[in-house]
1. Mean residue ellipticity at 222 nm from the helices of the chain, using -39,500 (n - 2.57) per DSSP H segment of n ≥ 4 over the full residue count, to the nearest 500 deg cm²/dmol?
2. Apply 1/(1 + (r/R0)^6) to the Cβ-Cβ distance of residue 211 and residue 34, taking R0 = 22 Å, and write down the FRET efficiency to the nearest 0.05.
3. Would you kindly work out the equivalent ellipsoid of the stretch 66-162 from its C-alpha gyration tensor and give its semi-axes, the square roots of five times the eigenvalues, largest first in whole Å?
4. Which whole-angstrom value gives the distance between the alpha carbon centres of the stretch 68-132 and the stretch 139-194?
5. Just grab the label-to-label distance for residue 191 and residue 157, each label 7 Å out from Cα along the Cβ direction, in nm (one decimal).
6. Among 108-115, 125-132, how do they line up by average Cβ neighbours within 10 Å per residue, starting with the highest?
7. Once R0 is set to 35 Å, what does the formula 1/(1 + (r/R0)^6) return for the Cβ-Cβ distance between residue 87 and residue 133, expressed as a FRET efficiency to the nearest 0.05?
8. What order do you get for 29-36, 43-50, 217-224, 196-203 when each peptide is scored by the mean count of other beta carbon atoms within 10 Å, highest first?
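Rule-based calculations on the coordinates, nothing more; no lab input. The structure displayed is predicted, hence computed values, not measured ones. Because the Cβ atoms are built from the backbone with ideal geometry, glycine has one as well, and the counts that use them run over all protein chains shown.
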């Protein structure tokens, strides 16, 4: 594991051509995506180029059909809806699914999101303005840490999300701490950019191998504390984001 601090090279991307990829993994939550995806498309149409990546994590519902129907809609020039399917596991694995969604993307910056998050109409516009003004490596709104924007090359260099985080836990805090240790410049997005759908806990946990959020947090806390103790700069030193 590389534990030597390094300098993160800052660079500016031309906002006229910078692609933002919104990365949304989904397993058994298409009913939420049907409510939130139209907001992403509206925001993308208002500030292209944007690639919306839907990572089908072996979803047992009608996700594929829904994306196929949605792709028949008219998008603004420079806006695309990209669908990729993974079939290697029957249960949802949070960190792995998020990593696969990023690896399926092509943007200069990636905006990691969830099926139950809807974005404001000016979400991508505000991201571009923040990049132009502050040239950050990563961004979030200070409230929903799991909805993070990051320069794609830095996300990959950091090893993505630690794939020991299979369940709900501190995977977002772990990622944030790693980016801070690496010297990655942070910018805060304004509040009000994101709205979360209220979902019963039973629906949130039904697609995991473990059905108790308390048990999930107990197991994941051990990984989080281990990474804090080691001061890890790179996650998954043995490899990550496998499609098999």
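1. Per the formula, -11000 deg cm²/dmol.
2. Working: r = 24 Å, r/R0 = 1.10.
The value I calculate is 0.35.
3. Numbers: eigenvalues 99, 79, 34 Å².
So the three semi-axes of the stretch 66-162 are 22, 20, 13 Å.
4. 15 Å
5. Inter-label distance under the simple model: 3.3 nm.
6. Working: 108-115: 24.5, 125-132: 18.0.
For the peptides 108-115, 125-132, the packing ranking is 108-115, 125-132.
7. Values: r = 42 Å, r/R0 = 1.20.
Once the sixth-power term is evaluated, E becomes 0.25.
8. Details: 29-36: 19.1, 43-50: 20.9, 217-224: 16.0, 196-203: 10.9.
Final packing ranking: 43-50, 29-36, 217-224, 196-203.
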